[in-house]
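See below for the structure under consideration.
None of the figures in this text is laboratory data; all of them are computed from the coordinates on show. In this text, all values refer to a predicted model and were calculated from it rather than measured experimentally. Because the Cβ atoms are built from the backbone with ideal geometry, glycine has one as well, and the counts that use them run over all protein chains shown.
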Amino acid sequence: MKALWLILILLALVALAALPWYGSDVVIQFGISTLLLAVLAQGWNIIGGYTGYASFGNSVFYGLGAYGVAIAMVQWNLPFGFGMAFGVVLAVVFAFLLGIPVLRLKGHYFAIATLALAQVMAAIVSNIPLAGQNIGLVLPPLNNDRLFYELSLGLLVLATLTVFWLTRSKFGFGLIAIRENEEGAAVMGVNTTLYKVLAFALSGIFTALAGGIHAYWITFLDPESAFDISLNVKMIIMAVFGGPGTVLGPVVGAFVLSAISEVLSSEVTSIAGLFFGVVVVAAVVLMPRGIADVIRRFRTSGWRYFAENIKAHRL
Amino acid sequence: MSRAMTRFGGALLCAALTAYGLPAFAKDIVLGASVQLTGSSANTGRYYRDAYQFAIDKINEKGGVKVGDKQEKLALKLYDNQSNVNLSVRQYVQLVSQDKVDLLLGPFASNFALADSAISEKYKIPMVQGGGASDQIFSRGFKYIFGTLAPASNYFGSTVEMLTKLDPKPSKVALLYADDAFDVSVAKGTRPLLKKAGLTIAMDERYTSNASDFNSLLSQIKNANVDAVLVAGHETEILNFIRQAKSLAVAPKMYSFTVGVPSADFRKALGKDADYAFGMTAWLPSPKLKDKWFGDAAQFAKDYKAKFGYDPDYHAASGVADVEAIAEAIEAAGSTDHQKVRDAIAKLNFPSLYGTIAFGENGQIDLAQTVIQVQDEKLVPVYDANGFVEKPKYPMPAWNAR
Amino acid sequence: MDLLAQILVNGVLLGGLYAVMALGLALVWGVLNIVNLAHGAFIMLGAYLSWHLFTYLGIDPFLGLPITAIVMFGVGYGVQRGLLNLVVRAPMFNTLLITFGLEVVLTYLAQLAFSADFRTINPSYAGAHVAFGPVVIPLARLMAFGIAIVLTVGMWIFLLRTKLGRAIRATAQNLVAARLYGVEPRHLYAMTFGIGIGLAGAAGGLYGTVSQINPYIGATLTAKSFAIAIIGGLDNPLGVLVGGLVLGIIESLTVAYVGATFGDVASFGVLVLVLIVRPSGILGKTA
């Protein structure tokens, strides 16, 4: 059974990797966008899904990665690889410096604190001349969508493998222990502070890399788009929709929601944004545990699954 | 069963005959654009949608565009970028690679034009935009971007010139500007102009775009006793600025704004409080501006108002100019080939309701700004390249003395 | 010196306006533990309502505040009863997501209904001011400040002294016990949320007299309200007043003496600092 799954996944990967050769320009564009969103969702999964700390500050890592690449390439004329490395360094430094105090907060205070951090970063960066202040930076254009596509796919594979490794490693078990009962985990000898910060940093690294690729691809960034809170919410929704705390859940969530969103953006633009909001509301009410859970329980509960969810959570 | 087959076969035959029997229609020339129809810049963005459609309809009405020896019609493919730059960029890629439009029209706002022109350059397809004036757009050596808005750096050009001729002559000036591409460009260009005119820059403040509270800045202006205030910002900010100036009793001798004043909505929202405000426009609906398709600018303004219910300002005229530029270029090139049209656009020089359309080396038009002022809730041109047109109401009285 | 006095007064008055904005959010969060990311959107709706009352019925925005508040109370009651009550017992995180979605929906609906054009509420006294020596005090802001004090103290009295207020607090703290006493939690939650949104609506009406309104002001207002609520502390309604004043003064001073682009850095910087050092806020009890 497991071998069958493995073969299917490998086939899917091959099909995805070969897309730039048989897909149209627009499909490749959509592909890059979706793959990057999947990376973001997967990155969030590490801190939010496995560790149980719902971060609204992943957009900071995204922005740092993007600015890392932009500043390196535009202001210092360094190649893309250096820019990515620089972005990762910024992300890790941030994760340690601000992660430690902020990860001491519980529940929604942590969420709010990370949200505030995103706002502060956007405000600070819009005052830094090196970053182009509020105007942002325009990167040198590179017309090679195939490269960006394969890079994004590679990053997603890396992120998913990392999450898979998490499910089998002591580190991962420690994170899950923290999520389920932090005090208990501490009593059992888990160094909760270290684990949490490491998870935050790991989550940040993938997010920053995705931000860097996106910046180079779209050739433009400014504080508002780099530290966009609604992007953070998107990655959370995708991870939650697909199934937080699972290996493939965020990927599925990202693919499905992206597809729906793209179709709407190009067909019925005026209500695309409205749809996003409605989907969020509906998903939270009807299937708060994500698609993975729906699939698992649908067989036993059928359509009553949704009603059960509501009954379990309502006042 | 066989009867159904016969009917079906008959229908198929008819369809085939129809398809091949009908005269071949010339394919429309499609112009693509991604414009702000919703979102925070939509109140100006929609001027471009209306202008583009109006111009295309008028040109088609008069026979369309002559390509070689065929007359072809223009068509518009418009997307709403929801005032989101990222979405705008992706929509331009879609216009080029999926919808395969022939040529591109631009978005509103400099930061959009800055990002979207990277796409027109990447795919080597000409874009004529009338919404971005920031010098940054045109200083990258790009060959496929053209702009019909006058350079941002010179927006206050005629205003500063006028300041030197006012009596009592202002000496201390406050320069306030929002932190986006366009307004930063304006400020950068205005500083040397002020210095050359011998005016002192008593305050030089960059503020956050979309700020709603100007009380601190206004208090500083009052404290520094400045004579003139120049503000480069967005309509919503300027609206707040004026209202808060009134409530804080701040009345410099004059104040001038880069946007808002030419727009009827803006003046209506402020009512009498809009009086005395200076602004600038590169376009006025004057009958002296003759146009091949619309007659002249005054006639255009009348027809536009009749169709859309609001008076066109320079944004709308600029949008029309973009379409006309493309039409003229196609006719001059005799084809819709991207390279040929691009070269034709670069060589354009023709009169239109917007003024003379001719692009500089860097792709940007150069038009002089006319200083305008709101007097008794009406828009009055007061100063242009030839000097005073009407007498400006100067200095501005205190708020309680109006 | 004159400038400093004016800047400080500006800050205090801004603080009053901020306090009214954050009051509804703090109430709903502190009492019901519902984090409403759509709070700013409700303020925006209240502002539009006030504008309509003023423009089409000629009702003065200040006098019309009770009407705006009552209508928005109804809206809030409906939203809680019909939507938010469905996720109250889910992890807190779900409320964050659902209210975010709600914010997006409300913004779009507002834009469809009212177009993206900005509006202003311009009663004849909108530009009036009172002068105390060299310091000028805009009348509209002064009245907003007065209303802020009235509402905050009123909320404090309501929650701590009246039967309904105590019932609300009791229900939020112990659902089971409340039910045993015959209290209908669904109704009570909806009442509370309704009051919170009614307050947001009133804040919107006030906001419209000092600033222009458009469908997109919601997000910024939500962010500011959060900062104020947390800085002041959620345990005590008076905390909102403290939080608003602190934020207003800090912003005013920063814009005047550091630079006009540093206002947000200061506001959110203080928020982060408070969260790290003293999450319960200035007036909050340390756990």
Between 0 and 90°, nearest 10: helix C:65-82 axis offset from chain C longest Cα axis
40 degrees
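Within 10 Å of each Cβ in B:34-45, how many Cβ atoms from other chains are there, averaged over the peptide?
Working: counts 1, 0, 1, 3, 14, 6, 7, 2, 7, 5, 2, 1.
Neighbouring Cβ atoms belonging to other protein chains average 4 per residue here.
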Low-density loop positions, trypsin sites (Lys or Arg not before Pro), segment A:220-315 - DSSP coil, at most 10 other Cβ in 10 Å:
none
Looking at the protein assembly as shown, what % of the alpha carbon pairs are farther apart than 60 Å?
10 percent
Note: C:270-283 gets an average of partner chain Cβ contacts (10 Å, Cβ to Cβ) equal to 4
Of the cross-linked pairs B:Lys246/B:Lys391; B:Lys143/B:Lys378; A:Lys106/C:Lys163; A:Lys106/A:Lys170, which ones have a Cα-Cα span greater than 29 Å in the structure shown?
B:Lys143/B:Lys378; A:Lys106/C:Lys163
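If you take the beta carbon distance between A:Leu6 and B:Lys124 as r and set R0 to 35 Å, what does 1/(1 + (r/R0)^6) give as a FRET efficiency, to the nearest 0.05?
0.20
What percent does the relative contact order of chain B come to when contacts are Cα pairs within less than 8 Å and at least six residues apart?
It comes to 17 percent, rounded to a whole number.
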For B:Thr336, C:Thr222, what's the fewest-to-most ordering of other Cβ within 10 Å of each Cβ?
B:Thr336, C:Thr222
In deg cm²/dmol, rounded to the nearest 500, the helical mean residue ellipticity at 222 nm of the protein assembly as shown, built from -39500 (n - 2.57) for every DSSP H run of length 4 or more, is -20000 deg cm²/dmol
Relative contact order computed over chain A (Cα-Cα under 8 Å; 6+ residues apart), in percent:
29 percent
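Please arrange A:Met121, C:Met143, C:Met1 by how many other C-beta atoms lie within 10 Å of their C-beta, fewest to most.
Details: A:Met121 24, C:Met143 16, C:Met1 6.
Lowest count first: C:Met1, C:Met143, A:Met121.
Could you tell me what fraction of 2.2 N^0.38 Å the Cα radius of gyration of segment B:77-233 comes to, as a two-decimal ratio?
1.25
If R₀ is 60 angstrom, what is the calculated FRET efficiency for the pair A:Phe173 and B:Ser139, using the beta carbon separation as r and rounding to 0.05? Walk me through the numbers on the way to the answer.
Details: r = 56 Å, r/R0 = 0.93.
It comes out at approximately 0.60.
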Note the angle between two axes, namely the Cα long axis of helix B:2-21 and the longest principal axis of the Cα atoms of chain B, as a number of degrees from 0 to 90, rounded to the nearest 10.
60 degrees
If you fit an axis through the alpha-carbon atoms of helix B:181-196 and take the longest principal axis of the Cα set of chain B, what angle between them do you get, 0 to 90°, nearest 10?
40 degrees
Given contacts defined as C-alpha pairs under 8 Å and at least six residues apart, what's the relative contact order of segment C:2-216, whole-number percent?
46 percent
Can you give me the distance in nm between label points at A:Met188 and A:Ala17, each placed 7 Å from the Cα along the Cα-to-Cβ direction?
3.7 nm
Between the DSSP loop rule and a limit of at most 13 other Cβ atoms within 10 Å, which chymotrypsin sites (Phe, Trp or Tyr not before Pro) in segment A:1-104 are left?
A:Trp76
Counted neighbours (other Cβ, 10 Å), sorted fewest up, put C:Arg166, B:Arg206 in the order C:Arg166, B:Arg206
Only residues of segment B:58-79 count here: report those whose backbone N is under 18 Å from the spot 7 Å along Cα→Cβ of B:Gln299, or say none.
B:58-64
